[in-house]
Amino acid sequence: MTTSPNVALRRRLIAVSVVATFAISAAVPSIASAQSKKAKPVNLKGQKLSIYGWVSSPEEDAALTTILNRWNKKTGAKAKFLPQKEYDTAIQAALASGAGPDVFYVDSAKMPDLLKAGALAPAPTGAISNPNDIYPSLRDVFTSPEGKLICPPKDFSTLALTYDADFLKAKGVNPPTNWDELKVAAEKLTTDGRTGLVMGFEYPRVGVFMFQGGGAMTDAKIKKMTVNSPQNKAAFTVLSDMYKNKHLQAPDEISAGWAGEALGKQKAAMIIEGNWVVSYLKKDFPSLNAGYAELPAGPAGKGTFAFTVCYGVNKNSKNQAAAWKLVDALTNAEGALAWTNEFNVMPARASVADKWLAKRPNLKPFVSGAQYARKFQFVPGFGDVQGEFNKGLKDVFSGKVSFDDYATKVDKAGNSVLGG
Amino acid sequence: MEVLSLLNTSIGGASGKHRGNTRFHYASRQQLNLNVGETMTATTPLAGATPRRPTKPAKTGSWLSQDKRGGKALFEHDVRTGWMFLTPFVLGMLIFVILPIFTALWVSFTDWSGITPPLQATNVGFDNYRTLLVDDGLRRADFALSMKNNFYYVIFVVPIQTALAFFLAFVVHQKLLKGRDYFRLAFFFPSITSSIAVSLIFKFMFQTDGLINKVVPGPKVNWFGNSNGAIHNLLGIFGLNKAPGFLGNHSVMGLTFWDWLSGPSVAMCAIMGCVIWTTSGTLMLLFLGGLQNIPESLDEAATLDGASAFGRMRHVTLPMLRPQVFLVLVLGLIGTWQVFDQIYAMSFGGPDKSTITPAFWIYYQSFRNGQAGLGAALAVILCLIITLFTYIQRRIVSDRSVES
């Protein structure tokens with residue numbers, strides 16, 4: 001069978017016209033949408049923005065990328081998330097080169113170093129929508145000594161009491177609300193191969209007892225060490241009493257990697273951990289009926305830590321205006337909810353707390369912590385002082401070293417770094 | 001050959017007039033070689049038997065002296081060509097080795113945070129060194145602690161890994177051993193595995209629920225949670241739990257004598273086990289090379305002279321292996337003073353700072369604690385320490401070779 005050249009030509013014409021129709025029909029809406037985009041700030045179009053962060057779970061990385069892609073589509077910008085392994089080293093090298101990413105994660109503990117080095121561009125007035133909506137305890141973390149908000153928090157976590165609800169019920173114990181109840185509960189729950197209370201022996205856990213007792217590691221301005229105080233001594237005494245009777249233990253003493261694992265493996269009845277433990281328990285120990293309560297209050301009231309991270313804008317970024325648009329989109333009420341709703345990290349804005357809680361009402365104790373949480377932050381070069389604080393904890397709790405000797409030693413070491 | 005030689009001669013003559021032209025230059029060298037070859041054949045008794053190899057005699061170096069006739073410029077030109085070939089390497093060396101060394105030295109005199117570009121840092125003179133070595137405070141005590149930890153690490157790891165490596169090499173060298181190649185590979189395998197991977201496997205093995213505690217009878221040891229020193233533990237068995245007065249009351253660099261005498265911590269012992277296991281395979285290879293170089297006739301002669309197996313080892317094998325022993329000890333010493341990966345992966349300096357070493361502390365201060373200036377000062381001090389120990393060791397080993 002042969003086709004005449006005429007027919008072949010006609011067929012080709014038809015094919016071309018069909019393709020052309022499709023092309024036009026596809027192009028028309030895109031033209032239309034391009035016109036509607038003109039209302040948005042033009043400067044975002046085609047702007048390349050890089051975001052450095054650490055590697056977290058694949059789900060989290062994917063979720064952030066999805067959110068960014070949505071924003072890119074809406075604005076025409078090209079923002080990209082580049083998770084870094086060994087983040088501290090990577091970001092330091094990138095910043096020291098004088099260039100670096102436009103936007104990067106700033107951990108609350110690392111904030112003073114970056115601020116002192118002048119690596120962060122402070123948020124211009126009006127760049128962050130409704131900053132008063134951000135919890136004051138978190139706003140304080142990212143505010144410079146001069147009182148300027150540097151960067152808006154991405155999300156936050158607090159510490160709360162996490163427990164095996166079925167086990168507590170079986171033993172007839174209610175979640176403790178103060179130190180005395182805690183001691184009693186830990187004693188009653190130390191049974192059936194379990195330890196009543198399990199937590200890591202380190203400042204980010206022990207510190208909450210110091211707050212509850214009315215003490216702290218340093219004075220408010222972080223100029224002088226204040227470990228050696230009657231308030232701290234009271235807090236240490238509570239922990240020491242429990243530890244000596246083995247009602248309180250560190251995870252490594254009951255062969256668990258961390259407190260969450262101890263609870264999941266039924267080696268602990270109660271633990272002190274942050275809200276990151278929620279998804280871990282759900283995933284690795286789905287049969288566990290986990291309960292959450294605010295940390296027991298001490299003589300000075302309630303106390304917990306807020307761990308938070310902000311999106312910092314690099315001072316050397318050439319696209320600062322675009323970078324602030326992106327940061328605001330990620331951290332305003334809408335953005336904060338979009339991001340945190342996927343995970344068990346909490347939105348840093350009070351206005352969306354209820355919406356977030358609607359999906360997970362049992363996590364209220366973590367959100368309530370935002371009201372009285374203290375920051376996990378000191379001054380540059382304070383890391384090894386914290387190490388010194390952690391170093392002697394077991395010996396003090398066990399009674400091998402007296403609190404006074406320990407506190408004097410830590411204070412001396414800390415003051416040698418603080419210069420006080 | 002004669003024609004070629006003639007041709008070369010004529011070109012060589014021309015090269016004298018056209019100095020600096022590479023092509024002629026090469027030709028002339030070849031001609032010179034030929035000349036040397038000819039003189040050699042003339043003087044060597046075996047002249048007729050050996051074919052002329054025009055390029056070989058250059059080895060004798062005599063072409064250079066002959067060259068005086070050709071002119072000095074020829075030599076200078078070679079030097080220039082030589083440098084030209086060396087340039088890429090020298091540049092790389094300057095940029096990646098020499099420059100960083102001087103940068104580190106310079107940074108050690110600043111308060112650089114590690115975050116801003118280093119040139120913006122302020123000069124603080126000897127402050128960092130004073131903080132580490134003189135001022136009574138946390139930084140000096142931690143430096144002393146890291147030195148103590150590393151010191152115990154070195155005096156346990158270096159002798160054990162050297163002895164083990166020698167033993168392994170000796171075993172694998174035995175002709176009667178069946179499956180020698182298999183054992184060679186098996187012993188060498190840890191060395192070609194990533195040190196981080198090996199460290200993580202050891203970390204699992206040393207967990208409280210891990211393999212070690214299951215296999216070894218007795219109470220479960222919380223390896224990576226135990227910061228007690230091994231010597232302190234040993235003394236504890238005899239009831240000595242606290243520092244006797246004079247040891248506890250006197251201190252050097254912020255650590256009491258009692259602290260200095262702690263021995264490696266339990267966690268450090270686990271790390272030492274891992275390192276010894278990993279490195280002895282590499283060092284075995286060095287010993288094996290040495291063993292294979294010892295002529296069998298020496299051993300046989302010693303046997304004929306009535307030497308026992310031990311005597312042969314003591315008086316034949318070991319003296320012949322002196323260069324390898326020196327190399328292994330130096331490599332071991334440098335490597336152990338620089339231990340980092342295993343600590344980073346297994347303990348991160350913990351528990352209670354009992355596994356911090358100067359190398360780890362450099363990293364911690366520079367990248368985790370924002371004190372890059374302090375870290376650089378530590379690096380300079382560590383460099384001096386390694387140089388000093390290597391020098392001392394060199395003196396000891398070379399003294400011995402004079403003795404025998």
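The values are calculated or read from the model by the stated rules, or taken from the named source; none is laboratory data. Keep in mind that what you see is a predicted model, and the values were worked out from it rather than measured. Backbone-built Cβ (ideal geometry, glycine too); neighbour counts: all protein chains shown.
Looking at (1) of a type in the set (S, T, N, Q); (2) over 24 Å from B:Ser113 (Cα atoms); (3) over 26 Å from the mean Cα position of the chain (by Cα), find the lone condition where A:Ser416 falls short.
(2)
Listed here are the residues, each with its yes/no results for (1) assigned to a strand (DSSP E or B); (2) surrounded by fewer than 19 Cβ atoms within 10 Å (Cβ to Cβ); (3) within 14 Å of chain B (Cβ to nearest Cβ); (4) not polar (S, T, N, Q).
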site	(1), (2), (3), (4)
A:Leu239	no, no, no, yes
A:Ala256	no, no, yes, yes
A:Ala262	no, no, yes, yes
A:Ile272	yes, no, no, yes
A:Val277	no, no, no, yes
A:Lys282	no, yes, no, yes
A:Leu288	no, yes, no, yes
A:Phe305	yes, no, no, yes
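With the checklist (1) surrounded by 17 or more Cβ atoms within 10 Å (Cβ to Cβ); (2) within 12 Å of chain A (Cβ to nearest Cβ) in hand, flag the one item B:His173 doesn't pass.
Of everything listed in (1) surrounded by 17 or more Cβ atoms within 10 Å (Cβ to Cβ); (2) within 12 Å of chain A (Cβ to nearest Cβ), B:His173 misses just condition (2).
Would you confirm, using the coordinates I've provided, whether A:Val327 is more than 14 Å from the chain's Cα centre (by Cα), in a helix (DSSP H, G or I) and among the aliphatic types (A, V, I, L, M)?
Here the answer is yes, as A:Val327 does meet what is asked.
Quick check on B:Ile343: is it over 23 Å from B:Ile115 (Cα atoms) and surrounded by 24 or more Cβ atoms within 10 Å (Cβ to Cβ)?
So B:Ile343 passes the test.
Report yes if some residue within segment B:183-205 is more than 26 Å from the chain's Cα centre (by Cα), at positive phi and loosely packed, with under 15 Cβ neighbours inside 10 Å; otherwise report no.
The answer is no; no qualifying residue exists.
Identify, please: which residue in segment A:402-417 is more than 10 Å from chain B (Cβ to nearest Cβ) and surrounded by fewer than 19 Cβ atoms within 10 Å (Cβ to Cβ) and is, among those, farthest from B:Leu132 (Cα to Cα)?
Only one residue tops the list, namely A:Ser402.
Output the residue which, of all residues in segment A:85-104 that are under 26 Å from B:Asp341 (Cβ atoms) and within 17 Å of the chain's Cα centre (by Cα), is nearest to the other protein chains (Cβ to nearest Cβ).
Restricting to residues being under 26 Å from B:Asp341 (Cβ atoms) and within 17 Å of the chain's Cα centre (by Cα), the top hit is A:Asp88.
Which one of A:Val385, A:Val396 is in a helix (DSSP H, G or I), of a type outside the set (Ser, Thr, Tyr), more than 10 Å from chain B (Cβ to nearest Cβ) and within 14 Å of B:Asp352 (Cα to Cα)?
Going through A:Val385, A:Val396 in turn, just one is in a helix (DSSP H, G or I), of a type outside the set (Ser, Thr, Tyr), more than 10 Å from chain B (Cβ to nearest Cβ) and within 14 Å of B:Asp352 (Cα to Cα): A:Val396.
Residue-wise test of (1) at negative phi; (2) in a loop (DSSP other than H, G, I, E, B).
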| position | (1), (2) |
| --- | --- |
| A:Ala323 | yes, no |
| A:Asn344 | yes, yes |
| A:Gln377 | yes, yes |
| A:Gly381 | no, yes |
| A:Lys409 | yes, no |
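Within segment B:318-369, how many residues turn out to be polar (S, T, N, Q), away from every other protein chain (no Cβ under 14 Å) and in contact (Cβ under 8 Å) with a residue 40 or more places away in the chain?
Residues that pass the stated criteria total 4.
Which of the following residues is within 14 Å of another protein chain (Cβ to nearest Cβ) and either in contact with a helix residue (DSSP H, G or I) (Cβ under 7 Å, 6 or more places away or on another chain) or in contact (Cβ under 8 Å) with a residue 24 or more places away in the chain (or both): A:Asn344, A:Asn390?
The match here is A:Asn390.
Can you tell me which of B:Gly245, B:Gly263, B:Gly254 is at positive phi and more than 14 Å from chain A (Cβ to nearest Cβ)?
The unique qualifying residue is B:Gly263.
Pick out the one residue from A:Leu68, A:Leu82 that is assigned to a strand (DSSP E or B) and at pLDDT 90 or above.
Answer to the selection: A:Leu82.
Which residues, taken from segment A:290-299, are crowded, with 23+ Cβ neighbours inside 10 Å and assigned to a strand (DSSP E or B)?
Matches in segment A:290-299: A:Gly298 only.
Take the residues in segment B:74-129 that are touching a strand residue (DSSP E or B) at 6+ places or on another chain (Cβ under 7 Å) and not β-branched (Val, Ile, Thr), then tell me which one is nearest to B:Ile362 (Cα to Cα).
This residue is B:Phe109.
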